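The values are calculated or read from the model by the stated rules, or taken from the named source; none is laboratory data. Remember, predicted model here, so these are calculated numbers, not experimental data. Glycine gets a Cβ as well: all are built from the backbone with ideal geometry, and neighbour counts include every protein chain shown. The accessibility values were calculated without ligands, DNA or RNA, using every heavy atom of the protein model including side chains. Shrake-Rupley method; radii C 1.70, N 1.55, O 1.52, S 1.80 Å.
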Amino acid sequence: MPSHDFDYDLVVRGATLAGPAEVFEADLGVRDGMIAAVGRNLRRGAEEIDARGMIVTPGGLDPHCHIEEPSEDGGVQEESFSSGSAAALAGGTTSFICFVPQWKGHPIAATAAGYEARARASRADYSFHQIITDPTPDVLEREVPALVARGIRSLKVFLTYDPLRLTDGQFLEVLATARRLGAFVTVHCENYDAIGWRIRALLEAGLTDPLQHAWARPPVVEREATHRAIALAELVDQPIQVFHVSCDEAAEEIARARARGVKVWGETCPQYLTLSTDDLAKPDFEGAKVVCSPALRAPGESERIWARIREGTLDVVSSDHCGFSFATAKRDPGSSGYGQGGAKARPDGMPAFNAIPNGVPGIETRLPVLFSEGVSTGRIDLPTFVRLTSTNAARLFGLAGRKGTLAPGADADLVLWNPDAERALTNSDLHHAIDYTPWEGMRLKGLPTMTIRRGEIAVRDGQVLAEPGSGRFLARGPYALATPSGRVPDGFDAAARR
Ligand code: URP
Ligand code: ZN
Ligand code: ZN
């Protein structure tokens, strides 16, 4: 509470404030962890930060990251909630949404309680998407409604990966359940059978390098599954977001659907904006560092993704942080459920491309890489940066007004940026548990110098001050964006029949 002598707990003075719609100079006053006032010449705060020359944005909301996920064989991802959230805060991300796994043949309850207990170690605020791999009647009619009632209001489904993928019939059942409950659905869009067919042919031809990961899943398999996911969501009339769009072909499907009024949104990630098959083709198995799905695309393709951002088709840039260390897990075909086509070893003992665990680490680098490659180069303006990194995710996942804005009443999650600071990115400066970054050596222009989470200084000059366990679970209630459009074929609402 502010003392009698002060109007605010904290005043950030004289900054350039960058919100989702505008950029202006003002002071920002914080009281009880929330933004209390924005204006010129605010009265005194118990603590004052001189932010002249700095840009202040809302704290990042990363709506797609994989942290400390357990696997069915008893293993667990090496990125812990403590290390992952330290990395998030150091990179300007004050809240994130990660994934509760479900294993086929098991109820959600088999993983949920343990995972939620682990997440309490987070230093950043957090929420969950529930992965659905086995949509039995009990899961859909009893477990998912109970999750939604507890504020876990978004589901992820996979249309590929051996242990995770749903058939179209199962996907329809998940969409219909979400529609009845007012939940949101996110989708990994790639064609499972097409990828399997290409993998078998590549392996038979003796082509096993990391680069062949991209050959196994060219843009057309992403375009097909994106089109199909949107068509099935349209049939059910259920809002969805297509995760990690890597190519213009998939973005085009989203743009076409939006033009006819379908409630579909698209996400992309820094890896699709800055890396390419040139990185996958690096020798000595180095390409494994950037094996992720969908795959990286040809050099130059990323400019088409930037264009899709500017036109508004892709409105979120998440990290899809999914770390596997290069010295260990990337070489161990058994270390992840994110693979397809069985474990095959190459003559050098490394896994063939299809058995390399899929994913890149990026929770800490998401904002700095996007700021540098987007804002500092002039590809996007500051309000677009803010919408991509926090505001739009807050709208999509039921956190609007609370996260992703500098308006009074919102949580005081703030990032102070020095737009002129420059540094070469290197893994030893990062706080994650992974032994590499795909952006090693990249020169960054524009760096976060301070992260404030709910009014407290969480990171100052690279030093993480927020303690494990200081993050809060973000329960999410009903919200308008997740409601159906009301348009079903022939006026017959099949989802309502259960
Ligand atoms: O390669 C990726 N994207 N790994 C994480 C799992 C997923 O598909 O989101
Ligand atoms: Zn995915
Ligand atoms: Zn992911």
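Details
- Considering residues of the stretch 251-279 that are out of contact with any strand residue (DSSP E or B) (no Cβ under 8 Å at 6 or more places or on another chain) and small (Gly, Ala, Ser) only, the residue nearest to VAL290 (Cα to Cα): SER276
- Sub-7 Å Cβ pairs linking a first residue in the stretch 439-467 that is modelled with pLDDT of 95 or more and among the charged types (D, E, K, R) to a second residue that is open to solvent by less than 10 Å² (accessible area, probe 1.4 Å) and in a strand (DSSP E or B), at least 6 apart or interchain, are ARG453/THR94, ordered by first then second residue.
- Candidate set: the stretch 234-288, residues that are part of a loop (DSSP other than H, G, I, E, B) and among the polar types (S, T, N, Q); chosen: the one nearest to ligand 2 (Cβ to nearest atom): SER246
- Scanning the stretch 325-376 for residues that are within 16 Å of ligand 3 (Cβ to nearest atom) and either assigned to a strand (DSSP E or B) or among the aromatic types (Phe, Trp, Tyr) (or both), we see that the one that is farthest from THR426 (Cα to Cα) is TYR338.
- Of all residues in the stretch 285-311, those satisfying the criterion of being open to solvent by less than 30 Å² (accessible area, probe 1.4 Å) and either away from ligand 3 (no atom under 16 Å from the Cβ) or of a type in the set (A, V, I, L, M) (or both) are PHE285, GLY287, ALA288, VAL290, VAL291, ALA295, LEU296, ARG297, SER302, ILE305, TRP306, ILE309.
- Residue within the stretch 45-62 that is within 16 Å of ligand 1 (Cβ to nearest atom), under 30 Å from SER376 (Cα atoms) and at pLDDT 95 or above present: yes
- Cross-chain or 6+ apart pairs with Cβ under 7 Å, the stretch 99-115 first and closer than 13 Å to PHE128 by Cα and touching a residue at least 24 places away in the same chain (Cβ under 8 Å), then in a helix (DSSP H, G or I) and within 16 Å of ligand 3 (Cβ to nearest atom): VAL100/TYR115
- The C-beta contact set for the stretch 198-220 (first residue free of Cβ contacts under 8 Å to residues at least 40 places away in the same chain, second residue assigned to a helix (DSSP H, G or I), distance under 6 angstrom, 6+ apart or interchain) comprises ARG198/ALA216.
- PHE353 falls short on exactly one of the conditions (1) at pLDDT 95 or above; (2) of a type outside the set (S, T, N, Q); (3) within 27 Å of LEU61 (Cβ to Cβ), and that condition is (3).
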